[in-house]
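Structure, as C-alpha cells:
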Amino acid sequence: MRRKDREVTDKKEILEMLEKCDTVRIGIQGAEYPYVVPVSFGMAIENEEPVIYFHCAKQGMKLELLQEHAEVCVEGDRFLGVQKTAHGITTRYESVIGFGKCQFVEMPEEVEKGIQTMLAHYGYHDYPLDRCKGLDHMKVGRIRLERLYGKRNLPEKE
C-alpha cells in the first residue's frame with residue numbers, strides 16, 4: 001500500500017469498518033473477465049475469524065462462477081464525502097478488502113444462521129424466518145475471510 005498513513009492494520013478496527021458497510025462486492029474469477037457483484041450481507045465471527053454470509057438465487061451466473069471458482073475477493077466501502085484541503089480536493093472514505101473461499105451452506109441450521117446474520121446486519125434481529133417468502137428459491141453463501149485489509153481517509157475536523 002503506497003499511502004501507509006491511510007492503512008488500517010488493527011483487525012478489530014477493520015471489522016468495525018466492515019460492519020458499517022451497507023453492501024459488499026464479491027469479485028469472482030470469470031471465464032473471460034472477472035465478475036464483480038454487489039450483495040447484501042451479514043458478518044459473523046466464527047472460530048475467531050470473520051465470515052461473510054450472503055444469499056443468491058439457485059441459478060445464475062454468480063452461482064455458476066462461484067461453484068467453479070471458490071476463491072473470491074470481497075470489497076466493502078463507505079463514501080464519507082469530498083473535502084477541500086490545502087493540497088486540493090480529496091475523497092473521504094473507509095474501505096475493506098478481504099480474500100477467502102466461498103462455500104454454499106446446505107444444512108438447515110447453517111442456512112438459518114446465515115439468513116439471521118444478514119437480517120441482524122440490517123437491524124432485523126428478531127424478524128421471523130417464516131415471513132421470508134423467497135427462502136425456497138435461494139442459496140446461502142459463506143465466505144471465511146482469510147486475509148483482511150483496511151484503508152481510510154477520514155474527514156478533517158473543522
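The values are calculated or read from the model by the stated rules, or taken from the named source; none is laboratory data. The shown structure was predicted, so the numbers you read here are calculated from the model rather than taken from an experiment. Please note: Cβ atoms are built from the backbone with ideal geometry, for glycine as well, and neighbour counts cover all protein chains shown.
The figures follow:
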| read-out | value |
| --- | --- |
| Flag for residue 86 being at negative phi, among the small types (Gly, Ala, Ser) and at pLDDT below 95 | yes |
| The range 35-44, residues that are of a type outside the set (Ser, Thr, Tyr), assigned to a strand (DSSP E or B) and in contact with a helix residue (DSSP H, G or I) (Cβ under 9 Å, 6 or more places away or on another chain) | 37, 39, 42, 43, 44 |
| Selection count where residues are part of a strand (DSSP E or B) and either over 27 Å from residue 69 (Cα atoms) or out of contact with any Asp or Glu (no Cβ under 6 Å at 6 or more places or on another chain) (or both), scope the range 1-34 | 6 |
| The range 1-34, residues that are in contact with a His (Cβ under 9 Å, 6 or more places away or on another chain), farther than 18 Å from residue 93 by Cβ and not polar (S, T, N, Q) | 28, 30 |
| Tally, over the range 36-65, of residues that are more than 16 Å from residue 23 (Cβ to Cβ) and either among the small types (Gly, Ala, Ser) or within 15 Å of the chain's Cα centre (by Cα) (or both) | 7 |
